[in-house]
Amino acid sequence: MTRPSHHTGRAPTDAGTGTGTGTGTTDVVSGAGDPAPVVVGTPGSFARSVLDERHPALIERVRRATPYPPAQQHALDGLLDETTKGFAERLDDAEPGAGLWRDEPYYGQRWADVPFLWAESFFYRKLLAALGHFAPGPWLGIDPFAPFKNAELAGSKVDDELSALDRLPELPPHERDRTLLLSSLWGNRADLGFQLSAGEAGLGDRVQGLVADDSDALWEILAAGGSGKSGEPGKVCLVADNAGPELLPDLVLADHLLAGGRAASVVLHLKPYPYYVSDATTTDTLACLDRLTGASGHAAAVGERLRQAVGDGRLILRSHPFSCAPHSYDRMPADLRDDFASATLTVMKGDLNYRRLVGDRHWPATTPFAEATAYFPGPVAALRTLKCDVVTGLTPGTLTELDAGAESWRTSGTHALIQVKP
């Protein structure tokens, strides 16, 4: 299999409104041996259901959550009509940051005919444009997804999950490692969070749901340490996925790495603006820190340590325009590549980051994960609950067993993976 070659590129400069596309990314042509990209239009596919069902439902949900004025309402109508019946149209030239999208190759094509990764990303960029998120005026910077995020974070179930953290100090060290890693992995399961019973037996079905588990390799990389494999802790990059109750276990894992000497610093990569409904921004992270410190017991102690870690530079909040780009990480710009290259380990959270990491393509599921991510500039781990069709790194036996089952295991969210490329 041929993977793309890599070139350095100029970093994007419009961090507030851009996507990191155009001249801000590496111009790479995929290798001839790579599988075809996932496109939207296959009838009955997961990608097609997102275009036909999820996006229209989201537009209506956003409309109901916030009392937008007539201009925004009209723009939402136009976006719905375009994405369901029409062709991909450029951003208006007056839209802040539109220049970074100018050279994308899919304009004039039906939405159903373009790559799924690009279509999803551009949909969210156009949604923000329709709502005036980047334009000077009263709606500048308003997060259209904040009502959903805030409601989830304020829920009583979060109180129960934070209270469950009080059990952590009772666990042996290796069980504490396992519990926090699996909590971060399964954080987007509403019935999970931190509510894992003490002991390996209590992890039961969560372990059984793993289709790949390289967690031992993850801990070994962290134990080897930073530059020169000195055994001294180095930098860990944690590329966040969702906000709210799903970000809380990520933050607790970051605290665990810092407090336990597995990391000298953690760089938490966040989205520079609202994206994919619930993706985490700096605002969302600060809300989670407030939620932790406002709790009691172990949760409050974790929150205070994390606040201190931000203040002394051990927990670094970072956002890069490429985090909202409609491209895979093999096109990352040079500055982001350097950041990942200097890390002892980069941990990619969630389904979207997985698609961007391996490439949103029709990979044979037995394609080695290390082969699909060979371009990545350092050790990388994926913590991902399966919510779309793309998957790599399965053994033939596991694939046969999963395909023989009745459920749609690739998209149901009932299965997960921990994969590592050293």
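The values are calculated or read from the model by the stated rules, or taken from the named source; none is laboratory data. A quick note: this is a predicted structure, and the numbers were derived from the prediction, not measured. When we count neighbours, we look across all protein chains shown, and the Cβ atoms used for this are built from the backbone with ideal geometry, even at glycine.
Before moving on, here are some points about what is shown:
- Residue in the stretch 67-89 that is within 14 Å of F123 (Cα to Cα), among the acidic types (D, E) and part of a loop (DSSP other than H, G, I, E, B) present: yes
- Picking from residues in the stretch 304-357 that are in contact (Cβ under 8 Å) with a residue 60 or more places away in the chain and of a type in the set (V, I, T), the one that is farthest from K387 (Cα to Cα) is T344.
- Of the helices (runs of 4 or more DSSP H) lying entirely inside the stretch 106-172, those containing at least 1 residues that are at pLDDT 95 or above, buried (at least 20 other Cβ atoms within 10 Å of the Cβ) and polar (S, T, N, Q) span 116-130.
- The condition of being surrounded by 22 or more Cβ atoms within 10 Å (Cβ to Cβ), of a type outside the set (D, E) and touching a residue at least 40 places away in the same chain (Cβ under 8 Å) holds for A299.
- Options R90, R64; residue that is of a type outside the set (A, V, I, L, M, F, W, C), at pLDDT 95 or above and farther than 23 Å from K271 by Cβ: R64
- Pairs are defined by a Cβ separation below 8 Å, a sequence spacing of at least 6 or placement on different chains, a first member in the stretch 79-107 that is within 15 Å of W118 (Cα to Cα), and a second member that is of a type in the set (D, E) and assigned to a helix (DSSP H, G or I); the pairs so defined are A88/E82; E89/E82.
- Considered as a group, the residues in the stretch 224-259 that are among the small types (G, A, S) and at pLDDT below 95 include one that is surrounded by the most Cβ atoms within 10 Å (Cβ to Cβ), and that residue is G244.
- Single residue of D290, D214 found to be surrounded by fewer than 23 Cβ atoms within 10 Å (Cβ to Cβ), more than 30 Å from L399 (Cα to Cα), assigned by TED's automatic domain parsing to the domain that holds G187 and at pLDDT 95 or above: D290
- The stretch 343-379 - residue that is polar (S, T, N, Q) and within 15 Å of G33 (Cα to Cα) and, of those, surrounded by the most Cβ atoms within 10 Å (Cβ to Cβ): T373
- Being in the same structural domain as T346 (by TED's automatic domain parsing), farther than 29 Å from W118 by Cα and touching a Pro at 6+ places or on another chain (Cβ under 6 Å) is a property that does not hold for A301.
- Listed conditions (1) farther than 23 Å from D241 by Cβ; (2) of a type in the set (S, T, Y); (3) buried (at least 21 other Cβ atoms within 10 Å of the Cβ) are all met by T392, apart from (1).
- For the stretch 300-315, a residue qualifies if it is of a type in the set (G, A, S) and in a loop (DSSP other than H, G, I, E, B), and exactly one does: G313.
- The single condition from (1) at pLDDT 95 or above; (2) among the β-branched types (V, I, T); (3) not in a helix (DSSP H, G or I) that I59 fails is (3).
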